[in-house]
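A.B. asks: Let me begin by handing over the structure; questions about it come next.
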């Protein structure tokens, strides 16, 4: 049985006709994290240090003041780290009487970014990380190791077996990183600038292409990182993410624009190259990840490998690129561009950045885990998706505090919209409802725009339907669409709620029936990315599907899965 329904999105032009279809089998999914849960208490981890950077123990609840948007909040939950044993404590920390309560559990996710992790010091970083993991397991922490290279691979799930995690780190060591391709493209353009292989306008176009592609790859990586952060929300206790790599370029292509400007314009061009690179900025995406981490109470620790292009502290980029165009200043511009993202992740979430991780520097990370206070408060508002600034003060002089700078209580609608956008960027699809979607091969003309017709078919037996009497069943569907063009311009996420009321024969019929919606998207010719999220509101089960769409000037529609 096919059920006719009508849905309208005023901003994207929709027309509807019902048709029967056979539901497709849902594709496999490798999502293994827990879904987010709403909590009434917001917990803020606070690391307190003296003037020498040593942790401060023994502070009481009344020593802290927690302020949200200028208003002091009542600290309803409080945890103070126990001071280390006097015989084993290193000299320097202030060790007052500590509050003896069991520490909350900590879940740690290691996220290794292969796309931005040069191999020069990988062995040292992995060896140091292995020691940290073994030590944290002995403290009762639960650890998961993941690696990203166009997709997130779960190399070891949450557990306490050091051998399993050691094998995961060995897999990372034996992986050929895609960083090499980025470096190769960079060096090719450098050499072209040096020998003037093309006219200046053509070289400039090559730099634009490089910056645009780097921005695209960085956005995909950040979307995957955001998905991991989002999925940590359901984990109990304290949550930390170790981001291992060299960061992403906040302004893709900035150093190339700088070199091009000096070669073709001269120093009189000033800082104009920054404005050129600003066109491809990923500030928005970085802010989204940090705000999401604060909403999910995840502290990010950035383990910076030492420089994407070869930090002057470790090696010279000139030796890598075989050109004299790369100076120390250029090296600094490019490395600072990448490391700025890592610093932002750490600063905004209350974590810290560790440059060139070694066994000694990771000891500072261990100190953070063991010496953090936890302040909890009850927000005086309902979830509304708004970020609110947090400030923590201590009633003592000379102490330095580090904590996340904001929090967000996300609504169900806000979470669905965020996941839809991240799924679209990352090309992730998850289809537990068994939805099938068909696109018409030819678009309809609507002035300068085209209308792409689609049929969305949802199996009725995958939905939760409640009897309301008289052999009638009711349910609720929520739709979200997100559309973005090849330049990154997007429309607001289109959302709609659709109440369902079906006869019993439609709900329990054999073979199972389905509901069909025909949806029309009005777009310009060119390349686009589309994400669809359908949520069964009664069961909170959601399907998210993503596609690449291409519409040529002959109105032909080419659709590929992402």
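A.B. asks: Rounded to whole Å and sorted largest first, list the principal axis extents of the Cα atoms in region 221-261.
C.D. replies: 52, 16, 10
A.B. asks: Could you list the residues of region 517-544 with an amide nitrogen less than 13 Å from a label point located 7 Å from the Cα of residue 485 in the Cα-to-C-beta direction?
C.D. replies: 522-529
Readers should treat all values here as calculations from the given coordinates under stated rules, not as data from a laboratory. Keep in mind the model is a prediction, meaning the values are calculated, not measured. Virtual Cβ from ideal backbone geometry, glycine too; neighbours counted across all protein chains shown.
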